[in-house]
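A short worksheet on the structure shown next.
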């Protein structure tokens, strides 16, 4: 099943269960929000998407603690967790997704290589963060992140 079919099913499932969603994206630059809004009916479940590419935007728009960025870096479990939790609270939605990573081909280090991404998911019950490393070009990287987001949203829609 392709991404659009999966998204249609997720939106239908969320609509039936009255679940709402918001996304804070860094390295995906709005791609996740773009794909969600390609589906008719998305407005029933999708509240907002914020592209927070710079550290300053993460701090100003999404209340990420500057100390967390200084201590752990903007590409970290801690920042992804705050992005997911804070976007959910700001938007008053049921689910918040926070994404931060290094799409490449530059910007990586030994500790944080190109292709590293942290994806956070926040609900009223808990906030989880998952770490992935994808060996892919920028566009493929974004598509792989979307697949992981969809995997999780399918589970939340059940």
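Laboratory data are not the source of any read-out in this text; all were calculated from the coordinates shown. Nothing here was measured: the structure is a model prediction, and the numbers come from that model. Don't worry about glycine lacking a Cβ; one is built from the backbone with ideal geometry, like all the others, and counts go over all protein chains shown.
The separation of the range 26-57 from the range 72-101, counted between C-alpha centres, amounts to 13 Å.
What's the angle, to the nearest 10 degrees (0 to 90), between helix 3-17's Cα axis and the longest principal axis of the chain? The answer is roughly 60 degrees.
Computed from Cα positions, the angle between helix 138-156 and the longest principal axis of the chain comes to roughly 50 degrees. Put simply, when 35-44, 84-93 are sorted by average Cβ atoms within 10 angstrom per residue, most first, you get 84-93, 35-44. Sorted from greatest to least, the principal axis extents spanned by the alpha carbons of the range 1-92 come out as 40, 25, 18 Å. The C-alpha atoms of the chain define a longest principal axis, and helix 77-91 lies at about 40 degrees to it. Sequence-distant contacts, meaning Cα pairs under 8 Å at least 6 residues apart, place the relative contact order of the chain at 23 percent.
Beta bridges per DSSP, both residues in the range 3-153: antiparallel share near 55 percent. Over the chain, the reciprocal of the mean inverse Cα-Cα separation, the Kirkwood hydrodynamic radius, stands at 15.3 Å.
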